[in-house]
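Here the structure comes first, spelled out in C-alpha cells, and everything after it is commentary.
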C-alpha cells in the first residue's frame, strides 16, 4: 500500500466495530467523564459529552454506517448492567446492533462466568472486554473456556508491552474468537514502542485465523487522525493479519478528541485506496458483520 489514486473512492458501506454510547450525567456508571482534563492536545469536550445513537448517526451520516457495535465503557459491574440496558433499548434507539459487554474483576472464576451468563440474556451480546484490575492481559483459562463454550468472543485490551504475553496465553485456544482492540494499543510513537508493538502484533497474527485485529484507537497515543500519523501502524497491522482478519472502527467519541468521523474515515479510506472493492468491504464492514454476527 505504497501508492494511492489521486481521489480514492469511499467504501460503499460501514459496520463500525467500536462505539461507546454513554451519558456523563450517569456518574455512577461513568465517573471518569465527570471531570474533563484541561490543557490536552485534543478537544476534550468532544469526548466528555453525552453521546447517544442519534448523535453518532448524525456525525457518521456521510459514510453509510449500516450497523455498529457498542463496547463496554461503564466501570466495574456497571458494565454488565450497561449491556442489559443497551440491549433493551436498542430497537427503540436504532442501535447498537451488537454489544461487547464487560468483564470486571471478580474474586472467583465462578463469579466471572456468572457475569457472562447474566449478559447472555441480552440478544445482542457477543462477548466481553476486561474492565480494569487485571494484572495479566487475559483472564483465567477457565473463563476463556467458558467464553468459547458459549460462542462468545474475547477482546484483548492491553498495551504493546503485553501483546506477546497475550499471544503466549492464547496458544491452544484455536476455537475461541479473539479481537485485539485498538490496533494493539501502542502508548506512543517512539521507536522503542514501535519495535515492541511490531513484535507483539507478529506474535498474535501468527496464532491463526481466530485472532483478529480491530483497527481503532490510534488517535489516543498518536494525537491525530491524519494519514501521516496512522498509516504506518494501519499498514503494518493489515499486512500482518491480512484483510480477512482486520476491521476498521471509530472508537467514537473517544477518538473524536482529535478529529471528526469524516476525517478519521477519510484516513482509513486513503490508506486502503489501492485495495480492491472486495478487500475494502471486508475491512470496512464484512469482517465486523461476520465476527459480531450482526
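Since every read-out is calculated from the coordinates, none of them should be taken as a lab result. Here the structure is a predicted model, which is why all the values come from computation and not from measurement. Here the Cβ is made from the backbone with ideal geometry for all residues, glycine too, and neighbour counts use every protein chain on show.
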**Request:** Calculate for the chain the 222 nm mean residue ellipticity that helices alone would give, adding -39,500 (n - 2.57) per DSSP H run of length 4 or more and normalising by residue count, nearest 500 deg cm²/dmol.
**Result:** -10500 deg cm²/dmol
**P(r), alpha carbons of region 223-288 - 10 Å bins starting at zero, rounded %** = 22, 56, 22, 0
**Request:** Over region 117-223, calculate the relative contact order: mean separation of alpha carbon pairs under 8 Å at least 6 apart, over the residue count, as a percent.
**Result:** 26
**Asked** Peptides 275-282, 32-39: what's the order by average Cβ count within 10 Å, highest mean first?
**Response** 275-282, 32-39
**Request:** Take every Cα pair under 8 Å in the chain that's 6+ residues apart, average their separations, divide by the length, and report that relative contact order as a whole percent.
**Result:** 22
**Prompt:** What do you get when you divide the Cα radius of gyration of region 16-291 by 2.2 N^0.38 Å, with N the number of residues?
**Reply:** 0.94
**Pairs of alpha carbons in region 172-281 whose separation is greater than 16 Å (percent)** = 56
**Prompt:** What share of the DSSP beta bridges in region 16-291 is antiparallel, in percent to the nearest 5?
**Reply:** 5
**Message:** To check my understanding: the extent here is largest minus smallest coordinate of the Cα atoms along each principal axis. What are those three numbers for region 94-196, in Å, largest first?
**Reply:** 45, 35, 26
**Request:** For the chain, set up a Gaussian network in which alpha carbons nearer than 10 Å are linked by springs, and say which option among 229, 61, 240 fluctuates the most.
**Result:** 61
**Message:** Order 248-254, 91-97, 18-24 from most to least packed using the mean count of other Cβ atoms within 10 Å.
**Reply:** 248-254, 18-24, 91-97
